[in-house]
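**Student:** Handing you this structure, nothing more for now.
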Amino acid sequence: MADLIQITNPYKIRSCQGMGNYALEIYWDDAHHSIFTFDQLRILQPPPVDQPGRTSPLAGAGNVKPHPGKVKIADGRMLISWSDGYDAIYTLEALRADCQCAECRPHPH
Ligand SMILES: [Zn+2]
């Protein structure tokens, strides 16, 4: 019997969709449900690889808040192309770890 290397990721996304003009809704494969506001995603957003000191701006030019243009999920990561031209890659693990729902954050401070 051949060795079968199965790469499983517990952090699978079943579907995700925009929620109004301010948040992204994620339905996880284990039936968990997360809501990430765009602001939150921008804060989470890792700085560009070539500019490690830079953090991502919350607001785009002219105080227009950026929103996700394209969202792509592949290989355990989510790639968001923001409306202001900023591309960011989020690992699904990091997203799940930052879920702000009552179940994940039972005691908010
Ligand atoms: Zn949660």
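**Student:** Give the long-range amide H neighbours of R14: residues separated by 5 or more places, or on another chain, with amide H under 5 Å away, using H modelled in the peptide plane at 1.01 Å from N.
**Tutor:** Residues meeting the criterion, in which the H sits 1.01 Å from N, are Y27, W28, D29.
**Student:** I'd like the Karplus ³J(HN,Hα) series for region 24-40: coefficients 6.51, -1.76, 1.60, θ = phi - 60°, whole numbers in Hz, and an x wherever there's a Gly or Pro.
**Tutor:** Coupling constants for region 24-40: 10, 9, 10, 9, 7, 5, 8, 6, 6, 10, 10, 10, 10, 6, 4, 4, 4 Hz.
**Student:** May I ask you to compute the full-extension gain from D98 to H32, defined as 0.36 nm times their residue separation minus their alpha-carbon distance, rounded to one decimal in nm?
**Tutor:** Working: separation 66, 0.36 × 66 = 23.76 nm, distance 1.29 nm.
Extra length from D98 to H32 when fully extended: 22.5 nm.
**Student:** A follow-up question, please. Determine the gain in length on full extension of the stretch S81-R105; use 0.36 nm per residue of separation and subtract their C-alpha separation, reporting nm with one decimal. Working shown, then result.
**Tutor:** Details: separation 24, 0.36 × 24 = 8.64 nm, distance 2.78 nm.
Residue separation times 0.36 nm, minus the Cα-Cα distance, leaves 5.9 nm.
Rule-based calculations on the coordinates, nothing more; no lab input. Note that the structure is predicted; figures quoted are calculated from it, not measured.
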